[in-house]
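**Student:** Have a look at this one before I ask anything.
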Amino acid sequence: MTDIPLNDLSFTRSGQRRPAKSLLVLTPETDRDSMLAFARCLSVFSPVLVLGVVPISPGTNVSAGAAAAGELRKAIRAGTDRVNLRAKARVRVTATPWDEVRLALANEPEINLLILQWPAHMEHLDLNAAELLAHPPCDIAMVRGPFPDRLRRILVPNLGDPHAERALRLSLALVQRDNAAITSLHIRHPERQEAVARTFAGMQQVLEEMPDIDHQVALETDPGEKILDASRDFDLVVMGTKAAPAETESSLGAITDRIMQASPAAVIAVKTKRPVPDDALIQLESKAISVLVDRWFAENTFHTEEFANLAQLVELKAERGVTISLALPALNEEETIGDIIRSTQRLLVEQYPLLDEIVLVDSNSTDRTREIAADLGVPVHIHQDLLPEHGARDGKGEALWKSLFVTKGDILVWVDTDIVNF
């Protein structure tokens, strides 16, 4: 399947992008094999943290959970790789397990998905489905195993609900490891086709741009039965929960409950943190467009390992007859600019002739940034002085845009100039 995942991102305080993380909760009673198998599959796409929690009764001495904590810690260490799937610092022994989970989420703001096991965690963490649906701390994935060691086919039922987009996003992340296939099953009630079609309009835009997804439409008065029947041919079903708290505290919604209880395939029920507005159609269309944007970022974002063979890149550059320019936007970076330029010149000009020119585009620094660059033979431009007929604006975006005017390469590369460990 073509790489078309969601490129979920969070941001550091300095504005730098970093991949979002997921938090997997394990308790002594958890189906660890299934949960860790799911986490390993997801960690190929984005980092997963594993939090061990040992619940104890109120008033019980914490030492009573020591043995269980040791066993859980041992299992977590054996099941994680310490890179993309790694454990939190310590296993928590607590009489308020849900509070510990929420604290872990608060301390890791880049976490955007909480992974729980259904139905075990409802009891072990002392929470109910109604609370999760009404006040989710972040997006939630409720996993009902057993989760397969290898994914081949994923079914994403779509009933026109607001969580269908999140279910698709998660499915796109899970297919990365095993190159699994996704089938989207859009179910319409025969008597409500027009209304359901309107709420599905946004997702329709997404699916039209993703030919690798097998999109099916079915007219069905009993969607639960249709999904159950279809799930027999799949390894995993990923679907949304009820949009609002259900009739009972333990329910994820009538259809979701039915699939979680009876599907022969593994099931993941997802719930988004974002509230559903009155105009659900607007939200669905907005989310659908965001998936297309995410797809563009995913297909145009690369890992450094793809460019590790520099000699091969030099050969490829010569074969294609292209030139490459490096533009360095800068504002008061005298502490780092010299190291960045020297390192680049040594490796990518002298040792491997990949770069044809290096240019500094300065935003009117008041320190020695421009002087250091000029001493190293790099042409220096002040972006406010470039293209005066178009005016001068503050900000890095202006420097990036105007660097197009002072570089000659067929390919233009930008590198931040405040990187300490360049």
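**Student:** Among the listed pairs K88/K273; K317/K408; K21/K273; K21/K88, give every one whose C-alpha distance is greater than 21 Å. Working shown, then result.
**Tutor:** Values: K88/K273 23 Å; K317/K408 15 Å; K21/K273 15 Å; K21/K88 13 Å.
Pairs exceeding the cut-off: K88/K273.
**Student:** For the stretch 101-187, what is the accessible area per residue in Å², given a 1.4 Å probe and the full set of protein chains?
**Tutor:** Counting only protein heavy atoms, the per-residue value for the stretch 101-187 is 31 Å².
**Student:** Continuing with the same structure: Net charge near V217: determine it from the other residues with C-beta under 12 Å of the C-beta of V217, scoring Lys and Arg +1 and Asp and Glu -1.
**Tutor:** 0
**Student:** On to the next question. Just add up the charged neighbours of A69: K/R +1, D/E -1, any other residue whose Cβ is under 10 Å from the Cβ of A69. Mind showing how you got there, number by number?
**Tutor:** Details: positive: R73, K74, R90, R92; negative: E71.
Net charge around A69: +3.
**Student:** So for L310, L328, what's the accessible-area order with a 1.4 Å probe, most first?
**Tutor:** Numbers: L310 35, L328 0 Å².
Order by accessible area, largest first: L310, L328.
**Student:** Collect residues whose amide H, placed 1.01 Å from N in the peptide plane, falls under 5 Å from the amide H of R92; neighbours closer than 5 in sequence don't count.
**Tutor:** G52, V53, V54
**Student:** Follow-up. Sum up the charges of everything whose Cβ sits under 13 Å from the Cβ of K317, counting Lys and Arg as +1 and Asp and Glu as -1, but leave K317 out.
**Tutor:** Computed value for this residue: -3.
**Student:** Between A254 and F302, what is the FRET efficiency for a Förster distance of 25 Å, r being their Cβ-Cβ separation, to the nearest 0.05?
**Tutor:** 0.05
**Student:** Turning to a different aspect of this structure: Can you tell me which of 116-128, 229-241 comes out highest on packing, and rank the rest after it, using the mean Cβ neighbours within 10 Å?
**Tutor:** Working: 116-128: 19.5, 229-241: 21.5.
The packing order, highest mean first, is 229-241, 116-128.
**Student:** Which whole-number percent is the relative contact order of the stretch 41-180 (Cα, under 8 Å, 6+ apart)? Working shown, then result.
**Tutor:** Numbers: 152 pairs, mean separation 35.8, N = 140.
Reported relative contact order: 26 percent.
**Student:** Can you grab the distance from the C-alpha centre of the stretch 76-129 to the C-alpha centre of the stretch 328-402, Å, no decimals?
**Tutor:** The stretch 76-129 and the stretch 328-402 have Cα centres spaced 45 Å from each other.
**Student:** Under 5 Å between amide hydrogens, which residues at least 5 positions from G409 or on another chain qualify, with H placed 1.01 Å from N in the peptide plane?
**Tutor:** S325
The values are calculated or read from the model by the stated rules, or taken from the named source; none is laboratory data. Worth saying up front: this structure is predicted, and the values here are computed from it rather than measured. Glycine also receives a Cβ, built like all others from the backbone with ideal geometry; neighbour counts cover every protein chain displayed. The protein model used for the area step is the full one, side chains on, heavy atoms only, and it has no ligands, DNA or RNA in it. Shrake-Rupley method; radii C 1.70, N 1.55, O 1.52, S 1.80 Å.
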